[in-house]
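This is the structure, below, for whatever I ask next.
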Amino acid sequence: MTKTLSKQQYLDFYYYMRLTRSLEERLTILFRQNKVVGGLYRSLGQEATAVGSAFALRDGDVISPLIRDMGAMLVKGVKPQEIFKQYMARDGEGTSKGRDLNIHIADMKRGFVGPISQLGDMVAVMAGIALASKMQNKNVVTVVYLGDGATSTGAFHEGVNFAAVLRLPMITIIENNGYAFSTPTKNQCLVEDFAVKAKGYGIPGEIVDGNDVVAVYQATCKAVERARAGEGASIIEAKTFRMLGHAQHDNQSYVPKELLETWKEKDPIKNYQAFLKKKKLATDASLKEMDEKILAYLEEEANIADLAPFPVPESSLEDVYYETQSVTQNK
Ligand SMILES: Cc1ncc(C[n+]2csc(CCOP(=O)(O)OP(=O)(O)O)c2C)c(N)n1
């Protein structure tokens with residue numbers, strides 16, 4: 001059933017998509033100032049998928065975001081300063097304290113698992129969390145995000161099949177953004193719609209316009225309801241496009257200009273602004289005000305992060321094992 005949304009919810013969708021984009025734009029400046037350690041990965045053009053899907057979840061649900069899903073982490077409560085610190089390898093709460101980069105951070109209390117780079121491997125992890133939840137009657141739903149490229153791994157198949165056959169409350173969101181690095185989807189998969197893969201596992205597969213935040217929200221709500229009702233796993237394919245290269249080093253020269261032009265017209269934020277204005281939920285002035293507030297907030301958060309210290313070298317011995325403190329105490 002389609003969920004009815006309040007004015008505030010519609011505006012929240014906008015806020016988080018805008019926050020995601022502006023945060024990444026601020027990170028780009030930091031990258032050019034040489035303050036970012038490692039690569040910078042943007043989700044330009046894909047913000048609606050991460051934000052809309054995360055809004056369909058409740059506290060206690062768990063996600064494993066990938067590099068295009070910072071928006072989902074923001075919805076789950078991560079603060080921009082944590083993202084800035086993480087990208088700049090600084091010390092501090094909510095970061096990996098310089099051990100890992102970009103959005104590779106975890107906070108089980110807020111419901112996000114730190115991803116690892118091996119594509120597809122998080123599917124099995126999230127199936128495991130869903131299984132634990134089912135065994136403990138916790139009614140937790142897990143969402144695993146991955147790109148079209150990641151579906152070509154054996155780990156994807158094993159994980160989705162396992163979740164399907166055990167009827168686990170796991171939703172796999174395939175972000176079909178046209179390319180895996182420089183490989184167009186047609187060069188690594190012969191089906192046009194990734195959602196049809198769900199048939200092979202005996203679970204529902206739904207295609208959604210990944211640039212339409214409301215559509216993504218509604219599709220995820222449906223999958224969440226199934227999962228909570230004990231009906232098991234499902235797949236959502238969000239059709240979207242990666243509007244920049246894989247990371248900052250990649251100028252995307254392999255993507256035809258016309259394709260970029262077509263997708264530019266489908267920009268999730270620009271179109272959502274028009275939608276809000278048409279529905280009389282916002283005006284140019286109110287949107288401008290919100291954008292400016294976000295920029296001012298991000299400036300503060302970036303400055304806090306920039307003043308944060310780097311982790312002390314000795315700290316690399318901590319947090320290696322779960323019971324770190326007792327290891328240190330035993331010395
Ligand atoms: C198993 C595995 N193979 C290769 C890589 C290297 N790699 C990192 S990102 C990437 C492309 C990912 O494409 P996709 O899954 O479509 O996600 P997108 O970057 O388009 O969001 C590749 C090949 C990896 N991390 N893991």
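The values are calculated or read from the model by the stated rules, or taken from the named source; none is laboratory data. Note that this is a predicted model, so its numbers are computed, not measured. Glycine also receives a Cβ, built like all others from the backbone with ideal geometry; neighbour counts cover every protein chain displayed. Accessible surface areas use protein heavy atoms only, side chains included; no ligands, DNA or RNA. Shrake-Rupley method; radii C 1.70, N 1.55, O 1.52, S 1.80 Å.
In what sequence, largest accessible area first, do Val196, Val216 appear using a 1.4 Å probe?
Greatest to least solvent exposure: Val196, Val216.
A further question on this structure: What number comes out for the charge environment of Asp91, summing +1 per Lys or Arg and -1 per Asp or Glu over other residues with Cβ under 10 Å away?
+2
Starting from the amide H of Glu206, placed 1.01 Å from N in the peptide plane, find each other amide H under 5 Å away whose residue is 5 or more places distant or on another chain.
Long-range HN contacts for Glu206: Ile235, Ile236, Glu237.
Which of these, Ile29, Ile174, Ile63, has the largest mean-square fluctuation under a Gaussian network model of the chain (Cα springs below 10 Å)?
Ile29
Moving on. Summing +1 for each Lys or Arg and -1 for each Asp or Glu, what net charge is found among the other residues whose Cβ lies under 15 Å from the Cβ of Val144?
Residues near Val144 contribute -4 overall.
I'd like the accessible area for Asp291: 1.4 Å probe, protein heavy atoms, all chains in place, Å² to the nearest 10.
30 Å²
Once phi is turned into ³J(HN,Hα) by the Karplus curve 6.51 cos²θ - 1.76 cosθ + 1.60 with θ = phi - 60°, what whole-Hz value does each residue of segment 177-188 show in order, with x for glycine and proline?
Those phi angles translate into 10, x, 9, 10, 6, 9, 8, x, 3, 5, 8, 10 Hz.
Something else about it: Quick one: work out the % antiparallel among DSSP beta bridges in the chain, nearest 5.
10 percent
Using a Gaussian network model of the chain whose springs link C-alpha atoms within less than 10 Å, name the residue from Met170, Met290, Met126 with the highest mean-square fluctuation.
Sorting by GNM fluctuation, first place goes to Met290.
Using just the helices of the chain, give the 222 nm mean residue ellipticity in deg cm²/dmol: DSSP H runs with n ≥ 4 each add -39,500 (n - 2.57), and the total is spread over all residues, rounded to 500.
Computed mean residue ellipticity for the chain: -13500 deg cm²/dmol.
Could you work out the relative contact order of segment 134-288, using alpha carbon pairs under 8 angstrom and six or more residues apart, expressed as a whole percent?
So the answer I get is 25 percent.
If you find the alpha carbon centre of segment 192-208 and of segment 81-99, how far apart are they in angstrom?
Taking the Cα centre of segment 81-99 as reference, the centre of segment 192-208 is 37 Å away.
Here is a further query. Per residue, how much accessible surface does the chain expose to a 1.4 Å probe? Answer in Å², no decimals.
For the chain, the per-residue accessible area is 48 Å².
Once whole DSSP H runs in the chain are found, which of them have Cα atoms spread over 20 Å or more along the helix axis and a mean Kyte-Doolittle score of at least 1.0?
Span-like helices, by this rule, are 121-135.
Here's another thing I want to ask about it. Report the local net charge at Pro169: Lys and Arg +1, Asp and Glu -1, summed over other residues whose C-beta lies under 10 Å from its C-beta.
Charge balance in the 10 Å sphere: +3.
log₁₀ I(q)/I(0) of the chain at q = 0.06, 0.11, 0.14, 0.15 Å⁻¹, via Debye over equal Cα point scatterers, no solvent, to two decimals?
-0.20, -0.71, -1.15, -1.31
Given the pairs Lys222/Lys266; Lys3/Lys85; Lys7/Lys79; Lys85/Lys257, which span a C-alpha to C-alpha distance of over 31 angstrom in this model?
Listed pairs above 31 Å: Lys3/Lys85; Lys85/Lys257.
Among the chymotrypsin sites (Phe, Trp or Tyr not before Pro) in segment 132-214, which ones are in a DSSP loop with at most 15 other Cβ atoms within 10 Å of the Cβ? Mind listing them?
Taking segment 132-214 and a limit of 15 other Cβ atoms within 10 Å, the loop chymotrypsin sites (Phe, Trp or Tyr not before Pro) found are Phe181.
Return the long-range amide H neighbours of Ile63 (sequence gap of 5 or more, or a different chain), with a cut-off of under 5 Å between placed amide H atoms.
Excluding prolines and chain starts, which carry no amide H, the hits are Phe112, Val113, Val143.
Which of the chymotrypsin sites (Phe, Trp or Tyr not before Pro) across segment 218-265 are loop residues per DSSP, with 13 or fewer other Cβ within 10 Å?
Loop-located and lightly packed - Tyr254.
Further question: Accessible area of segment 7-330 with a 1.4 Å probe: how many percent of it is carbon plus sulfur?
54 percent
Okay, moving on. If you wrap a convex hull around the alpha carbons of segment 210-297, what volume per residue comes out, as a whole number of Å³?
169 Å³
Pick out, from Ile67, Val191, Tyr179, the residue whose Cα sits farthest towards the positive end of the charge dipole of the chain, with +1 on the Cβ of Lys and Arg and -1 on the Cβ of Asp and Glu.
Val191
May I ask you to compute the full-extension gain from Glu314 to Lys138, defined as 0.36 nm times their residue separation minus their alpha-carbon distance, rounded to one decimal in nm?
Full-extension gain reported as 59.5 nm.
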